[in-house]
Amino acid sequence: ICHWTDRADDESMLLSAIRSGAGGVDPFIALLLSTTAADQRACAAQYAATMGPGSKLYSAPAPRQNQKIRIGYLSGDFRDHPVAYLAAELFELHDRSKFEVIGYSHGTDDRSEQRARIAKSFDKFVDGQKFSDREFSERIAGDGIDILIDLSGYTESGRAGVVCRRPAPIQVNYLGYPGTLGAKHIDYIIADHFVLPPEHRPFYAEQPVYLPDCYQVNDSKRAIAAQTPTRTACGLPDDAFVYCCFNNSSKITPEFFTVWMNLLRQVPGSVLWPL
């Protein structure tokens, strides 16, 4: 609700915990603070250390007749969620002559059209919501996954306790959490030069794999609304310049809000539209 009365004191306490090595700070929360890139890596590393030793569960893959590369996508967001809306077509477009693609879900089955589409897009879809971390990691290792791509990272729906057991020989951080996971058991992060500028590479535990243009995949089949609402229907003035912020309120900090208020003061007839 952007109630910031004690924010400065709370932020100071959390930054002190990170910088002293005391840990205990959620890395996702650290992204919302006035942290440096070095702070963010330290926080992620402290958190990753609580996940366990990162021992390897996988064994050398058994010979497979078709020799396809077996890719696993792990996510808690195979549902009506932004990650699902971005990545749905990605799973459908894998070259099945070269890759076998398996989806590992640890989130809620919301019985949405998006969930049904995503489940159908994989060669195999595993609903592991009720699995323990060990059970889930053992299932992935047993399936002989060559490359495991974690789409959740340290977001609310993440299952760091699964990937820390190293169920696959190559493990990748992608899409849902474009910050470092600070963990030795994550080998790569898929990025672009905007999300991960080259000068920030020392602050990532992962080796970056740069896509040539934009790291964020999207869905060309996504339906566009048949009707565009009027300004009046949205409660907006007809003649105003509209600034929009459709982010979660946790991402609105006093510093950003101050910038926005200064903009509104300097641009006559402008309004801010948050959702």
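The set of residues in segment 1-44 that are assigned to a loop (DSSP other than H, G, I, E, B), under 20 Å from T155 (Cβ atoms) and not hydrophobic (A, V, I, L, M, F, W, C) comprises G23, G24, D26, T35. For segment 186-225, enumerate the residues that are of a type in the set (V, I, T) and more than 13 Å from A37 (Cβ to Cβ). Answer for segment 186-225, where residues must be of a type in the set (V, I, T) and more than 13 Å from A37 (Cβ to Cβ): I186, I189, I190, V209, V217, I224. If we keep just the residues of segment 223-251 that are among the β-branched types (V, I, T) and out of contact with any strand residue (DSSP E or B) (no Cβ under 7 Å at 6 or more places or on another chain), which is surrounded by the fewest Cβ atoms within 10 Å (Cβ to Cβ)? Only one residue fits best here, namely I224. Residues that are more than 22 Å from A88 (Cα to Cα) and among the polar types (S, T, N, Q) do not occur anywhere in segment 213-220. Taking strands (runs of 3 or more DSSP E) as the structural unit, those lying wholly within segment 202-275 and holding at least 1 residues that are farther than 25 Å from I189 by Cβ correspond to 241-245, 270-274. Is it fair to say V83 is under 22 Å from P178 (Cα atoms) and open to solvent by 10 Å² or more (accessible area, probe 1.4 Å)? Yes. Checking each residue in segment 226-275 for being aliphatic (A, V, I, L, M) and within 28 Å of L32 (Cα to Cα) picks out V242, I252, V259, M261, L263, L264, V267, V271, L272, L275. Would you say Y210 is open to solvent by 50 Å² or more (accessible area, probe 1.4 Å) and either among the hydrophobic types (A, V, I, L, M, F, W, C) or under 30 Å from L151 (Cα atoms) (or both)? Criteria met by Y210.
The values are calculated or read from the model by the stated rules, or taken from the named source; none is laboratory data. Just so it is clear, the model here is predicted, and its values are computed rather than measured. Cβ sites come from the backbone with ideal geometry, for glycine too, and all protein chains shown count toward neighbours. The area values use the complete protein model at the heavy-atom level, side chains included, leaving out ligands, DNA and RNA. Shrake-Rupley method; radii C 1.70, N 1.55, O 1.52, S 1.80 Å.
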